[in-house]
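No lab work stands behind these numbers, since they all come straight from the coordinates. From a predicted model like this one, the values you see are computed outputs, not experimental measurements. FYI the Cβ positions are ideal-geometry reconstructions off the backbone, even for glycines, and counts take in every protein chain you see.
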Amino acid sequence: GNSVTQMEGPVTLSEEAFLTINCTYTATGYPSLFWYVQYPGEGLQLLLKATKADDKGSNKGFEATYRKETTSFHLEKGSVQVSDSAVYFCALCVVNTDKLIFGTGTRLQVFP
Amino acid sequence: DAGVIQSPRHEVTEMGQEVTLRCKPISGHNSLFWYRQTMMRGLELLIYFNNNVPIDDSGMPEDRFSAKMPNASFSTLKIQPSEPRDSAVYFCASSTGVSTSYEQYFGPGTRLTVT
């Protein structure tokens, strides 16, 4: 089956710290992979995506690389800001559909 | 563009009452998705439509839930009768079509509380 596993939060960091949020997946075929972000009181927004193995998605200083050999898509940022505080969701798109399977989400809290 | 529009933003109702949630997708988008978000179960896909036709409703919890998309610019999710365990945030999302790389655009959600 298709599933996404994320590290549990909350992740608590000081401003300018390095961020890693782990994500691994199980899927049939080679799905596209996504990171979505949810700010308080809002819906999810696409942060970045990768559609094939070894692709690197990047946006707003965040990066994630599609690793087929480890079935992973870890999210990284070199220097987090207070404004990055949000819940981050890893997701995959089931092959031959536009159905997304989401992980449980990881809450990030960044303090000044 | 106004984005995905959902109404109401908040709904409080008593157990047994009918609840109808509404969604207007982004103009030109061909796919529409209904999700439910709770602390216990996370984000769950309930149903999705492509060109107004339901494609996958395997996530709909039970017969109390129904969804319709009478035209390309409007969809409803109805719960009848509602129960306290239906309390959640319900999101609607839309995308441009069937593809593994298309972005889904989410609405702000409807927070439903059933007492």
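I need the calculated FRET efficiency for the pair B:GLU14 and A:PHE111, taking r as the beta carbon distance and R₀ as 35 Å, to the nearest 0.05. Taking R0 as 35 Å, the efficiency between B:GLU14 and A:PHE111 is 0.30. Taking A:PHE62, A:PHE73, A:PHE18 as the candidate residues, the one with maximal mean-square fluctuation in a Gaussian network model of chain A, Cα springs under 10 Å, is A:PHE18.
Counting only the Cα atoms, chain B fills a convex hull of 96 Å³ per residue.
Restricting the GluC sites (Glu not before Pro) of segment B:1-78 to loop positions (DSSP other than H, G, I, E, B) with no more than 12 neighbouring Cβ atoms within 10 Å leaves B:GLU14, B:GLU18, B:GLU62. Among B:SER75, B:SER58, B:SER66, the residue with the largest mean-square fluctuation in a Gaussian network model of chain B, with springs joining Cα atoms closer than 10 Å, is B:SER58. Each 5 Å bin from zero holds the following percent of Cα-Cα pairs in chain A: 2, 13, 24, 26, 18, 10, 5, 2, 0.
Taking A:LYS68, A:LYS77, A:LYS49 as the candidate residues, the one with maximal mean-square fluctuation in a Gaussian network model of chain A, Cα springs under 10 Å, is A:LYS68.
For A:ASP54 and A:THR28, the difference between the fully extended length at 0.36 nm per residue and the C-alpha to C-alpha distance is 7.6 nm. Residue by residue, segment A:97-112 carries 3J(HN,Hα) couplings of 9, 10, 8, 9, 10, 9, x, 7, x, 10, 7, 10, 10, 10, 10, x Hz when phi is fed to the Karplus relation 6.51 cos²θ - 1.76 cosθ + 1.60 (θ = phi - 60°); x denotes Gly or Pro.
Across segment A:21-35, computed HN-Hα scalar couplings (Karplus, 6.51 cos²θ - 1.76 cosθ + 1.60, θ = phi - 60°) run 10, 7, 8, 10, 9, 10, 7, 8, x, 10, x, 6, 10, 9, 10 Hz from first to last residue, x flagging Gly and Pro. Semi-axes of the equivalent ellipsoid for the protein assembly as shown, computed as √(5λ) from the eigenvalues of its C-alpha gyration tensor and ordered from largest down, come to 30, 21, 16 Å.
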